[in-house]
Amino acid sequence: MKLKRITCLAAALVMAIGAALPVYADEEEERVIEEYWEDESKLTDDTSAPTLSFDLTDWKNTIHLTKDASLASLEAKQETDTAYQGQSLKLTVSSAKDITDLQQFSWLIRDDNNELVYPESENEDAEFLTIGVELHANEFGMNYFDGSMITFYYRINPDAKDLLMGDSCFIYACDDDYNKLDSTEFRMQYNDTDNNNTTQYAKGIMSVATDIGASKLVIDVPLQKATDKIDILYLDNFTVTTRSDKQVANLDGYNANAKPQEIVQGLKVKKKDNTVSLSDKSESDKSSGNVILYIGIGVVAVVVVVAIIIVIRKAKNRFY
């Protein structure tokens with residue numbers, strides 16, 4: 001019994017000493033990722049309507065401003081005139097001065113010599129601004145966006161040229177603290193030539209990796225240059241398909257009677273200093289072909305007339 005009491009007292013003493021000492025961790029505590037789940041009541045096999053259409057008003061329940069959105073006075077509103085179908089979501093920004101702090105995806109921006117424009121961004125501990133809007137997985141019927149397929153239509157305002165970091169907006173998956181979780185992101189880069197996404201809508205597709213604990217999706221609008229208030233990015237018909245291959249049912253109402261715009265691929269050919277569309281080229285080819293055809297018919301007609309005259313003359317010489 002005495003031995004047992006001594007052992008217990010020793011153990012208690014060790015625990016007391018341990019509790020009194022500060023605890024140091026050699027490594028950061030590993031982030032715990034909960035088991036993935038889906039809410040079947042929010043999923044559907046019907047793909048006729050997008051998850052978010054922005055046609056009515058309930059989209060406000062699922063679109064949230066990011067932590068640094070106020071630095072660019074970012075606003076999210078509905079837009080009719082430049083919608084892909086019905087109404088779209090437009091993101092509007094303004095800033096009295098240049099925004100020079102590091103932003104998400106600074107490590108993607110390189111100069112003509114392939115040198116990083118922002119070398120400090122290689123620092124894993126750098127503080128990155130996150131200007132944009134975010135979506136929360138639990139409002140889409142799952143605890144994580146892991147394994148989801150995201151599709152959407154987007155258009156960048158032509159007047160946004162040179163205002164954004166890398167002339168781009170981004171969409172990516174992250175945790176609650178805006179830590180990007182994998183190397184997957186979709187870059188919406190300003191393009192007013194081939195595959196034009198400034199005067200017409202383009203389609204974006206992005207898949208989210210599995211088992212990363214992506215509780216958020218962020219649509220990042222990295223404004224850099226000072227500007228008056230400007231519509232910077234338009235989004236429409238945002239659809240989320242889960243890892244179980246079911247679509248998140250429409251959350252904000254959908255105007256199925258609105259006619260979608262045609263998405264032109266914008267394939268063009270260069271002709272000297274001018275840009276000529278393939279349709280213009282085909283019309284030109286058609287006109288050239290018609291001219292050649294008419295000349296050919298004229299030549300044949302002349303040959304036929306000459307042949308008839310020769311036959312008539314020979315006949316006259318025979319009988320006279």
Checked region 50-68 for anything among the polar types (S, T, N, Q) and either closer than 18 Å to GLN104 by Cβ or free of Cβ contacts under 8 Å to residues at least 12 places away in the same chain (or both); matches are THR66
Going through (1) under 24 Å from ASP211 (Cβ atoms); (2) surrounded by 19 or more Cβ atoms within 10 Å (Cβ to Cβ) one by one, SER95 fails only at (1)
Flagged pairs (Cβ under 6 angstrom, 6 or more apart or on separate chains; first in region 143-155, without any contact (Cβ under 8 Å) to a residue 12 or more places away in the chain; second in a loop (DSSP other than H, G, I, E, B) and open to solvent by 30 Å² or more (accessible area, probe 1.4 Å)) are none
The residue that is most open to solvent (accessible area, probe 1.4 Å), considering only those in region 152-169 that are over 30 Å from ALA49 (Cβ atoms) and in contact with a strand residue (DSSP E or B) (Cβ under 8 Å, 6 or more places away or on another chain), is ASP159
TYR178: passes all of (1) open to solvent by 50 Å² or more (accessible area, probe 1.4 Å); (2) in contact (Cβ under 8 Å) with a residue 12 or more places away in the chain; (3) not hydrophobic (A, V, I, L, M, F, W, C) but (1)
Counted residues in region 100-129 being surrounded by fewer than 20 Cβ atoms within 10 Å (Cβ to Cβ) and in contact (Cβ under 8 Å) with a residue 60 or more places away in the chain come to 2
When every residue in region 181-198 that is part of a loop (DSSP other than H, G, I, E, B) and open to solvent by 50 Å² or more (accessible area, probe 1.4 Å) is compared, the one farthest from LYS67 (Cα to Cα) is ASP194
Of the residues in region 219-235, those that are touching a strand residue (DSSP E or B) at 6+ places or on another chain (Cβ under 6 Å), surrounded by fewer than 18 Cβ atoms within 10 Å (Cβ to Cβ) and in a loop (DSSP other than H, G, I, E, B) come to ALA226
The condition of being within 11 Å of ARG155 (Cα to Cα), open to solvent by less than 20 Å² (accessible area, probe 1.4 Å), of a type in the set (Phe, Trp, Tyr) and touching a residue at least 24 places away in the same chain (Cβ under 8 Å) holds, among TYR201, TYR172, only for TYR201
Within region 130-151, the residues that are among the aliphatic types (A, V, I, L, M) and open to solvent by 20 Å² or more (accessible area, probe 1.4 Å) are MET149
Here, strands (runs of 3 or more DSSP E) confined to region 65-144 with at least 3 residues that are among the hydroxyl-bearing types (Ser, Thr, Tyr) and over 22 Å from GLU185 (Cβ atoms) are 88-95
Listed by first then second residue, the pairs whose first member lies in region 69-83 and is within 22 Å of ASP55 (Cβ to Cβ) and free of Cβ contacts under 8 Å to residues at least 60 places away in the same chain, whose partner is open to solvent by 30 Å² or more (accessible area, probe 1.4 Å) and part of a helix (DSSP H, G or I), with beta carbons under 9 Å and at least 6 positions apart or on separate chains, are ALA76/LYS60
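The values are calculated or read from the model by the stated rules, or taken from the named source; none is laboratory data. The shown structure was predicted, so the numbers you read here are calculated from the model rather than taken from an experiment. No Cβ is skipped: glycine too gets one built from the backbone with ideal geometry, and neighbour counts run over all protein chains shown. Accessible surface areas use protein heavy atoms only, side chains included; no ligands, DNA or RNA. Shrake-Rupley method; radii C 1.70, N 1.55, O 1.52, S 1.80 Å.
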